[in-house]
1. Do you know which residues across the stretch 3-18 are surrounded by fewer than 19 Cβ atoms within 10 Å (Cβ to Cβ) and among the hydroxyl-bearing types (Ser, Thr, Tyr)?
2. Looking for something farther than 22 Å from residue 180 by Cα, open to solvent by 10 Å² or more (accessible area, probe 1.4 Å) and either at pLDDT 90 or above or out of contact with any helix residue (DSSP H, G or I) (no Cβ under 9 Å at 6 or more places or on another chain) (or both) - is there at least one such residue anywhere in the stretch 105-122?
3. For residue 154, are the conditions met, namely being modelled with pLDDT under 90 and either part of a helix (DSSP H, G or I) or not polar (S, T, N, Q) (or both)?
4. Here are some residues: 319, 323. Which one is buried (at least 21 other Cβ atoms within 10 Å of the Cβ), more than 30 Å from residue 339 (Cβ to Cβ), under 16 Å from the mean Cα position of the chain (by Cα) and among the β-branched types (Val, Ile, Thr)?
5. Please list, ordered by first then second residue, the pairs with beta carbon atoms under 7 Å, 6 or more apart or interchain, first in the stretch 169-187 and open to solvent by 70 Å² or more (accessible area, probe 1.4 Å), second in a helix (DSSP H, G or I).
6. For residue 394, are the conditions met, namely being closer than 17 Å to residue 226 by Cβ and not basic (Lys, Arg)?
7. Just one of the numbered conditions (1) at pLDDT 90 or above; (2) part of a helix (DSSP H, G or I) is not true of residue 160; which one?
8. Checking the structure you have, find out if any residue of the stretch 182-196 is at pLDDT 90 or above, assigned to a helix (DSSP H, G or I) and farther than 20 Å from residue 73 by Cβ.
Amino acid sequence: MKKNTALTRFNKIFPWYSGLSGDLLFWIAIDTLFLTVVKNFNSSQIISLTSVSLLTCILLQMPLLKIINKIGNTNSVRLGSLLLLVSSLLLTFGQNYITIALGKVVYEIAFTFKNMVNAILKNNLELQNRSDEYIKIQTKSNTIYATATMIISFIASPMFNLNNYLPMFTCIFFCFLCFILSFFIIDFSNYNNAKEENKHKIKIHYSKVIIVLLISYGLFYPIVNSGQSNGKLFIQQELLLNFNIEKTALIIGVILCISRIVRVISNIFFNKIHNKYKEKVGVILPILLSISIILMILGSFIVDYTILKFSIMSLGYVIILFIRDPFKVYIQDLALRNIGKEGQQTLLTTMELSRKVVRAIISLTFTMILVNNSMIIVIAILLILSIIEILIGVKLYNLILGGKVRKNEKCNLYS
């Protein structure tokens with residue numbers, strides 16, 4: 001009875017915890033502005049922070065996985081929440097590059113630990129015979145996150161103008177709140193962590209589905225991240241060729257607000273979309289990713305029709321925000337459905353590692369390309385990568401379909 005009560009409480013708290021701890025709220029809205037105005041960092045220092053933190057976290061993946069295996073899912077989520085709080089404090093009060101860089105490293109490490117919350121949700125839902133509700137609940141979490149970031153996008157700048165530290169103080173408050181909520185995020189299954197005597201006996205087998213899934217996830221998200229950041233810069237450059245700085249800033253602000261609203265809408269409706277298209281979602285979303293990049297490229301070549309030009313480019317940017325969260329939820333659910341309980345921690349960590357490795361490679365490559373080339377080259381490369389992602393998505397779909405056919409044949413054989 002006590003366990004059922006705790007599970008009911010978990011079901012209510014999880015979406016709020018997951019949604020509000022999806023990132024460092026407020027920091028993500030004013031990070032470059034805060035580092036430039038308050039910390040007096042130049043562009044080179046700001047860009048290097050991402051590379052330093054990513055590379056450090058990549059090198060630490062194996063030790064971090066060992067810690068996760070030892071302390072289990074529940075304690076990993078609590079530790080990740082604590083590290084997010086520590087990161088927010090370092091970023092707020094750090095007075096030099098080393099301290100801020102440490103804050104960024106702690107930030108990346110925190111999400112490696114906090115990522116185990118997905119395994120906890122899957123395990124607890126199975127205990128309640130509700131495993132098919134994973135996407136529904138994760139979508140609710142993403143809706144909370146998307147709504148929060150949408151609201152923040154409207155109020156962060158006025159708060160910063162009122163007091164440069166006010167958004168960061170609010171960020172610290174939310175991190176502390178999520179740390180408190182993390183004590184209600186408990187894995188009630190027997191797979192919170194492997195028993196000590198069995199840890200060295202477990203040999204995880206990665207099927208073809210899992211291997212292709214890792215490649216798909218590792219490529220899709222860096223394309224989306226780069227498409228979001230470089231796409232915004234691409235549109236900004238085109239705007240500056242047609243308008244002054246003030247009007248450009250206003251138009252960019254409108255585009256960002258619309259994209260945030262669309263992100264909320266995509267999370268609200270994704271559960272219905274998934275119920276209708278099922279595994280086809282893994283192909284549809286990469287196709288939409290390619291379409292978004294094509295729209296930005298096509299729009300940039302329009303010269304005489306300014307409104308049409310930026311409407312098409314903006315539509316491309318908005319589509320990226322529309323597909324971002326649904327793909328992550330779909331792939332995580334697919335991964336957890338196709339791996340044994342003993343492999344959840346390793347798989348989730350490996351998925352994040354693949355994403356970070358590809359993101360670091362793309363980031364460093366694009367940095368070098370942009371030294372002597374225009375932004376259109378970067379966007380064109382993203383288009384090529386997105387087409388490769390479609391092919392990977394088709395391969396993954398065929399593997400899943402083939403697996404279901406073989407499973408049905410076995411069932412018919414034994415019936």
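1. We begin by selecting, within the stretch 3-18, every residue surrounded by fewer than 19 Cβ atoms within 10 Å (Cβ to Cβ); these are 3-9, 11-13, 16.
Those that are surrounded by fewer than 19 Cβ atoms within 10 Å (Cβ to Cβ) and among the hydroxyl-bearing types (Ser, Thr, Tyr): 5, 8.
2. For the stretch 105-122, residues farther than 22 Å from residue 180 by Cα, open to solvent by 10 Å² or more (accessible area, probe 1.4 Å) and either at pLDDT 90 or above or out of contact with any helix residue (DSSP H, G or I) (no Cβ under 9 Å at 6 or more places or on another chain) (or both): present.
3. Details: modelled with pLDDT under 90: yes; either part of a helix (DSSP H, G or I) or not polar (S, T, N, Q) (or both): yes.
Answer is yes for this residue.
4. Criteria check complete, one pass: 319.
5. Here the result reads 176/85; 183/78; 184/9; 184/10; 184/13, each pair linking the stretch 169-187 to a residue that is in a helix (DSSP H, G or I).
6. Numbers: closer than 17 Å to residue 226 by Cβ: no; not basic (Lys, Arg): yes.
The answer is no for residue 394.
7. All conditions are met except number (1).
8. Taking the stretch 182-196 first, the residues at pLDDT 90 or above are 182-187.
After this cut, where a residue has to be assigned to a helix (DSSP H, G or I) as well, the list is 182-184.
Then drop every residue that is not farther than 20 Å from residue 73 by Cβ, which leaves none.
Looking through the stretch 182-196, none of the residues is at pLDDT 90 or above, assigned to a helix (DSSP H, G or I) and farther than 20 Å from residue 73 by Cβ.
The values are calculated or read from the model by the stated rules, or taken from the named source; none is laboratory data. As the structure is a prediction and not an experimental result, all values here were calculated from the model. Positions of Cβ are generated from backbone atoms using ideal geometry, with glycine treated the same way; all protein chains shown enter the neighbour counts. Accessible surface areas use protein heavy atoms only, side chains included; no ligands, DNA or RNA. Shrake-Rupley method; radii C 1.70, N 1.55, O 1.52, S 1.80 Å.
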